[in-house]
1. State the extension gain, in nm to one decimal, for the chain segment bounded by Arg11 and Glu143, taking 0.36 nm per residue of separation less the distance between their alpha-carbons.
2. List the relative contact order of the chain as a percent without decimals, with contacts defined as Cα pairs under 8 Å and 6+ residues apart.
3. For the stretch 125-185, what does the equivalent ellipsoid look like in terms of its semi-axes, each the square root of 5 times an eigenvalue of the Cα gyration tensor, given largest first in whole Å?
4. With a sphere of radius 12 Å drawn around the Cβ of Ser36, what net charge do the other residues whose Cβ falls strictly inside it have (Lys, Arg +1; Asp, Glu -1)?
5. If I take every Cα pair under 8 Å that is 6 or more residues apart in the stretch 1-102, average their sequence separation and divide by the length, what percent do I get for the relative contact order?
6. Tell me, what ³J(HN,Hα) does each residue in the stretch 147-154 have, in order and in whole Hz, if you take phi through Karplus 6.51 cos²θ - 1.76 cosθ + 1.60 with θ = phi - 60° and put x for Gly and Pro?
7. List the trypsin sites (Lys or Arg not before Pro) within the stretch 95-194 that fall in a DSSP loop (any state other than H, G, I, E or B) and whose Cβ has at most 16 other Cβ atoms within 10 Å.
8. If the elastic network links every pair of Cα atoms under 10 Å, which of Ala21, Ala135, Ala53 fluctuates the most in the Gaussian network model of the chain?
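Please treat every number below as a calculation from the coordinates, not as lab data. Predicted model, so just to flag it, every value in this text is computed and none were measured. When we count neighbours, we look across all protein chains shown, and the Cβ atoms used for this are built from the backbone with ideal geometry, even at glycine.
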Amino acid sequence: PWRLAVLISGRGSNLKALIEACANGRIDGTIVTVVSNRPQAPGLEHARAAGIARTVVDHRSFPDRTAFDRELAAALDSSAPDLVILAGFMRVLTPEFVNRFAGRMVNIHPSLLPALRGLDTHARALAAGMPTHGASVHFVTSELDGGPVIMQARVPVCAGDTSETLAARVQLAEHRLYPAAIALICSGRIQSAGGTVLYDGQPLERPLLL
Ligand code: GAR
């Protein structure tokens, strides 16, 4: 089984979905550590309940991003992960950190990338009148939300949606999307290769759709 490290900042509903997928064998992996930059992140409770080691690296205790990222890297290295999974981790990472885990770090972003990089994606999808919205799983590069996309889930934008109702619909899809994408990585079928995604050894022309 792959050794998985999950980084969170908040609620941890994606972490919970990943814990379940490892437990039921859907993912050939074991979550060896959960790291949060927020001491009060509710998601830490999911790790505790599952008996997974937890570490807090509080970004407020460090003078700058470089110092924070060094400590974060040390915390991760001590559990020797094969894959680092960002699951609602809301800190921008330095290029040094990203390079250290190049090709073995993934993120889930609440939009159909390359649309809507950055924050407040649900409100921005509504403001732009987009008919469809969704979530993307991508390998992390030093370009924010710009790494090669592995898999996406689409959801409709419905009449009367608020950013809250739309976010809830996207997050339900995320809870199926992230385990599906991680399962493919841990099966060896999906790999990162120099800025592209390989699927069964062939360059992926467009993201897989859940
Ligand atoms: C998820 O919707 C994820 O896509 C988003 O934060 C939420 C975390 O929820 N990530 C980002 O916005 C990254 N910039 P969770 O803590 O319940 O998994």
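1. Between Arg11 and Glu143, full extension yields 45.0 nm more.
2. Relative contact order for the chain comes out at 20 percent.
3. Semi-axis lengths for the stretch 125-185 are 23, 14, 8 Å.
4. That sum, taken over residues with Cβ under 12 Å, equals +3.
5. This gives 38 percent for the stretch 1-102.
6. x, x, 7, 8, 8, 10, 10, 9
7. Counting only loop positions with at most 16 other Cβ atoms within 10 Å, the trypsin sites (Lys or Arg not before Pro) in the stretch 95-194 are Arg117, Arg189.
8. With Cα springs under 10 Å in the chain, the top fluctuation among Ala21, Ala135, Ala53 is at Ala53.
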